[in-house]
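Below is one structure, written out as structure tokens; comments come after it.
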Amino acid sequence: MRKKTFVEDIQQFSKNLQIGFVKKLLVFDMLDSTNSTAKDFARADAEEGTIIIARTQCKGRGRFDRMWQSPEGGVYLSIILRPQIPVQSVSLLSFVAALSVAKTIEAHGVYATIKWPNDVRVKKKKIAGILLESEIKGDHVNYVIVGIGINLNIDIEELPSDIRSRSTSLSFELGAPLEYQNFLQTLLVQFDNVYTRLNQHQDVRLIGEWKTLSDTLGKFVRVQTPTEVLQGTAVDVNQSGFLLLKTNQGEIKKIVSGDCLYFDELDHT
Ligand code: BTN
């Protein structure tokens, strides 16, 4: 008998899926970017809980216009959400995503940490990334696309040399490939649990949980924001998920978005 394709397999899997927020799984073999496709669907009024998933991406996008390498074996999906939350809480969705990914990885036997705002790492190497894209209309959140990329069954040696030394995969950490559908099921269940917390306005609890898995707070860091580079000690995150950085001058800077580098991990060569 012919082996089922990825698309057939996941379509079959989605038929038996009963997870609160999940409404529809749209499965593709290859897309430019699941986030771009999700945005098209969101603009065409796709409902909350529509998920776009692809076996591979040829133009996977990362934060700050970077590329996201998307070979076969990784998890590439984008979730369309229409959360009833204040505009200033939208960034907390990246905490929701990072927390659910870290918990999923942990459920599969590997301890993962989160670097503010949403890099998921294992032994200081990046294993997953999250790209949040939203449309705000006045004081209303129209949609949020939560794009998640996870190095599941990926041979790190096949990644380009510039990111290879900073990346890892779950199959590498465990020494064996994982079952994709089982992993996906755990991820969606975890996302549902954590997203429910946000919808029930349990922001403080959500942030508290994020903090227990984050390795950022207390560290001396350098943050590249869209407009400047800042240095200081990461002292806390506020109720919107913004990073509070204490500079050497004792000033507290509130950082909405940026790329965080740890001084103790910087390559000074
Ligand atoms: C980052 O760490 O820079 C974010 C990476 C996000 C990658 C995922 S893969 C699925 C979704 N589609 C994309 O094009 N990007 C996100």
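The values are calculated or read from the model by the stated rules, or taken from the named source; none is laboratory data. Keep in mind that what you see is a predicted model, and the values were worked out from it rather than measured. Cβ sites come from the backbone with ideal geometry, for glycine too, and all protein chains shown count toward neighbours. Heads up: the accessible areas ignore ligands, DNA and RNA and are worked out on the full protein's heavy atoms, side chains in. Shrake-Rupley method; radii C 1.70, N 1.55, O 1.52, S 1.80 Å.
Just a few scattered comments:
- Given charges at Cβ of Lys, Arg, Asp, Glu: the chain dipole, positive-most of S257, L26, T212: T212
- Relative contact order computed over the chain (Cα-Cα under 8 Å; 6+ residues apart), in percent: 15 percent
- Highest-fluctuation residue, I148, I114, I255 considered, GNM on the chain with Cα pairs under 10 Å: I255
- With contacts taken as Cα pairs under 8 Å at a separation of at least 6 residues, segment 188-235 carries a relative contact order of 24 percent.
- Here each label is just a point 7 Å from Cα along the line to Cβ, and for V235 and R222 those points are 2.3 nm apart.
- Element breakdown for the chain at a 1.4 angstrom probe: carbon and sulfur atoms account for 49% of the accessible area.
- P(r) tail fraction, the chain - alpha-carbon pairs more than 34 Å apart, %: 15 percent
- Under 14 Å from a label point set 7 Å out along the Cα-to-Cβ vector of K4, the amide N atoms of segment 15-43 belong to 15-17, 27.
- Per residue, in Å², the accessible surface of the chain once ligands and nucleic acids are set aside, probe 1.4 Å: 48 Å²
- FRET efficiency, 1/(1 + (r/R0)^6) with R0 35 Å, evaluated for K211 and E157 via beta carbons: 0.50
- Point-charge dipole on Cβ atoms (K/R +1, D/E -1) for the chain, about Cα centre, debye to 20: 200 debye
- Note on E265/V87: beta-carbon distance plugged into 1/(1 + (r/R0)^6) with R0 of 35 Å gives a FRET efficiency of 0.55.
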